[in-house]
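Down below is the structure, laid out as structure tokens.
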Amino acid sequence: MPFPDNFLWGGATSAAQIEGAYNKDGKGISTADVMTLAEDGHPREITEIVEEERFYPTHQAIKHYDYYEEDIALFAEMGFKVYRLSFAWTRIFPNGYDDEPNKQGLDFYDKVINLCLSYGIEPLVTLQHFDTPMGLQKFHFWKGRETSDYYVRYAQTVINHFKGRVHYWLTFNEINNMSTMSWNAGGIPTGASEEDKMIAAYHQFIASAKVVKLAHEIDENNLVGMMYNGHFSYPNSSHPDDIQGNEDFQKLMMFYADVQVRGEYPLYKLKELERLNIKLPMLDGDKLILKEGTVDFISFSYYLTHVCGRNTKGIFKGLNGLETGYKNPYLERSEWGWPINPKGLRFALNTLYYRYEKPVMIVENGLGARDKVTSDGRIHDDYRIDYLKRHLLEIEKAIDLDGIPVMGYTSWGPIDLISASTGEMNKRYGFIYVDVDDHGVGTYKRVKKDSFYWYKKVIASNGESLT
């Protein structure tokens, strides 16, 4: 039985992509709430304020704020052992820097967490998932050290509040997105300078390290992980220049994990910053903070692999926030052009574990597709079942053949939700269909897809039903 008895099967969502109720019960506005829908070939627009005549997908999302009881009951029916969710910082501290937490926000997450526990579902909470409070714009978002301090206070508030109920925490979702989708990662405009992005990343590293230490002090049973956006790549050829080009690309991404796992900047990154004349805003004691705040485990998202080489393009545009300029001719592609590479997941698990020797967890993996409702109200998504099955079989190999200590697997997302990159609903990932279109029109009725029943069997058999 390659999957261990305590393997954490489940699914993953984010507050901004499912909750809706963007200004209800005292919630403040976040950076996600000022992003419009991508339409007619145009990317999502970021507005300075909420403009009443514009459509913002997060404002309604899938109305999980109102449907959370039904949604979590469906997760429980599938047999979830773990549910990865995020807290919206702006539900707890509406502006990010408020003197006192918003009781209504804490009350909502009390209900969510308690309901999960009543079903025997372990919560895995991401503290920030692409939704920095807009109120922190006064400090230039994560470019200002003040934001780091307010984040630590927010984290301390919720970790204390949920002591004994939540034991698994992630500090930032896909922290390396500061280099590819910096507005999502921390309110830094995509066109900002590399210096601005590296300063913002530095402040997130400091904040994360402080929170890791705090979490351990609050409850010795707490485990805190980092979350890496899975940018894994192959060299375009065996030519030495392609090998080096691929290595250079990997360093651009992996340094984020290096800092959070090892507690210090790698020398290659320090040399790069020196070449770019970028000085990190390091204060006395920061080196110790980083060293004492290393994470307990590594979590990551996995959707695709890249190909890189001597002519790898810049990393600031294109597919998944990144386009390398190379294609892999051996892989099929999704409707959105993402290469599908199940075997790459085993490669990714080996890469992360043998680089860092920390337990690993896949906290996002899934297929975005245009699901069709048949005349009898069913959704036959065999393509999704095939995609997930092939990826899970590679996890099984990584555990059984390679000895990788894989903690668990949370698919993205177990219920249809809005896309972070485009804001659309038609790019569906869920085992549960939500009747709503890209413009928020629909009944919001929840419908079980064929994959719902398949995943239920996978969990019940602890993966044995895959073969």
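Just so you know, all these numbers are worked out from the coordinates, no wet-lab data involved. All figures in this text were calculated on a predicted structure; none of them were measured in a lab. Quick reminder, even Gly has a Cβ in these numbers, built from the backbone with ideal geometry, and neighbours come from all protein chains shown.
Brief remarks follow.
- Where chymotrypsin sites (Phe, Trp or Tyr not before Pro) fall in DSSP loop in region 268-337, at most 12 other Cβ within 10 Å: Tyr330
- Per-selection Kirkwood Rh - region 250-404 (Cα, Å, 1 d.p.): 18.4
- Share antiparallel - DSSP beta bridges, the chain, percent rounded to 5: 20
- Estimated [θ] at 222 nm from DSSP helical runs (n ≥ 4, -39500 (n - 2.57)) normalised by residues in the chain, nearest 500: -11500 deg cm²/dmol
- For Ser30, nonlocal amide neighbours, meaning residues 5 or more places apart or on other chains whose placed amide H falls under 5 Å from its own, are Met134.
- Sites Glu70 and Arg153 - FRET efficiency at Förster radius 35 Å, r taken between beta-carbons, to 0.05: 0.55
- The label-point distance for Thr47 and Met282, in a model that sets each label 7 Å from Cα toward Cβ, rounds to 4.3 nm.
- Net length gained if the chain between Asp110 and Glu77 were fully extended (0.36 nm per residue, minus Cα distance): 9.8 nm
- Burial ranking of peptide ranges 455-463, 75-83 (average Cβ count within 10 Å, highest at the top): 75-83, 455-463
- Simple spin-label estimate for Glu292 and His161 in nanometres, 7 Å along Cα-Cβ: 2.6
- What the Cβ-Cβ distance of Arg378 and Asp25 gives, at R0 = 41 Å and to the nearest 0.05, is a FRET efficiency of 0.70.
- Along region 247-260 the Karplus relation, 6.51 cos²θ - 1.76 cosθ + 1.60 evaluated at θ = phi - 60°, assigns HN-Hα couplings of 5, 4, 5, 4, 5, 4, 8, 6, 4, 4, 5, 3, 5, 6 Hz to successive residues, with x for each Gly and Pro.
- Relative contact order of the chain: 17 percent, from C-alpha pairs under 8 Å at least 6 residues apart in sequence.
- Euclidean distance between Cα centres, region 85-101 to region 1-57, Å: 15
- Shape category assigned to the chain from the gyration tensor of Cα positions, a/c cut at 1.5: rounded
- In region 279-386, GluC sites (Glu not before Pro) in a DSSP loop with at most 13 other beta-carbon atoms within 10 Å: Glu335, Glu357
- Backbone amide hydrogens, once placed in the peptide plane, bring Gly11 within less than 5 Å of Val82, Arg84, Ser411, excluding anything fewer than 5 places away on its chain.
- Each of Asn6 and Glu194 was given a label point 7 Å from its Cα along the Cα-to-Cβ line. The distance between the two points is 4.3 nm.
- Residues listed by number, region 107-139, amide nitrogen under 13 Å from Asn221 label point at 7 Å toward C-beta: 122-123
- Extension gain, Arg370 to Lys343, is 7.3 nm, computed as 0.36 nm per intervening residue step minus the present C-alpha separation.
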